[in-house]
Structures are given as structure tokens and as C-alpha cells.
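The values are calculated or read from the model by the stated rules, or taken from the named source; none is laboratory data. What you see is a predicted model, and the numbers here were worked out from it, not measured in a lab. Cβ placement follows ideal geometry from the backbone for every residue including glycine, while neighbour counts extend to all protein chains displayed.
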Amino acid sequence: MTASTTAEAPVSHRLTALDRCDACGAQAYIAAEVGGSELLYCAHHGRKFEEKLRAVATKWHDETDKLED
């Protein structure tokens with residue numbers, strides 16, 4: 001009998017404290033690629049624009065899990 005295992009890849013955080021929201025300048029937690037350009041947003045503005053952005057974004061990267069409740 002052989003056992004097969006699948007390991008999930010660790011979560012990779014690529015945004016740093018130096019990445020800033022394009023709307024307000026706060027720390028960015030969301031990155032969206034639109035038309036070949038990367039847009040960065042804080043959690044607040046990312047959620048505010050999420051519906052419209054997801055409709056046109058080719059990539060969506062969300063690191064809001066780094067925030068505490």
C-alpha cells in the first residue's frame with residue numbers, strides 16, 4: 001500500500017510595510033493587476049473597490065489575513 005500526501009504550499013506574503021495604498025497612502029494589503037499595471041490598496045479601499053476591480057483585474061492578491069480583528 002502506498003500513501004500519497006499532498007502538502008499545501010505555505011502562504012507567501014509579498015507585500016511589505018513599504019507598499020502603500022494608491023488611494024490614501026496607508027499600508028497596502030491588496031494588489032490587483034489591471035491592464036498590465038499593479039494597483040495597491042489598503043484593506044479599506046480594497047474592499048470598497050473590490051467588486052469593480054475583480055471584474056477587470058487579471059490578478060488579485062489579498063493579504064488582509066495579516067490584520068487582526
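Can you tell me which condition Cys24 does not meet? The list is (1) outside any loop (DSSP other than H, G, I, E, B); (2) at pLDDT 95 or above, and all the others hold.
(1)
Condition (residue is in a loop (DSSP other than H, G, I, E, B) and modelled with pLDDT of 95 or more) applied to region 2-14: is it met by at least one residue?
No, that holds for no residue.
Could you please let me know if His44 is at pLDDT below 95 and not basic (Lys, Arg)?
Details: at pLDDT below 95: no; not basic (Lys, Arg): yes.
No.
Take the residues in region 33-69 that are touching a Phe, Trp or Tyr at 6+ places or on another chain (Cβ under 8 Å) and more than 22 Å from Leu18 (Cα to Cα); name whichever of them is surrounded by the fewest Cβ atoms within 10 Å (Cβ to Cβ).
Arg54
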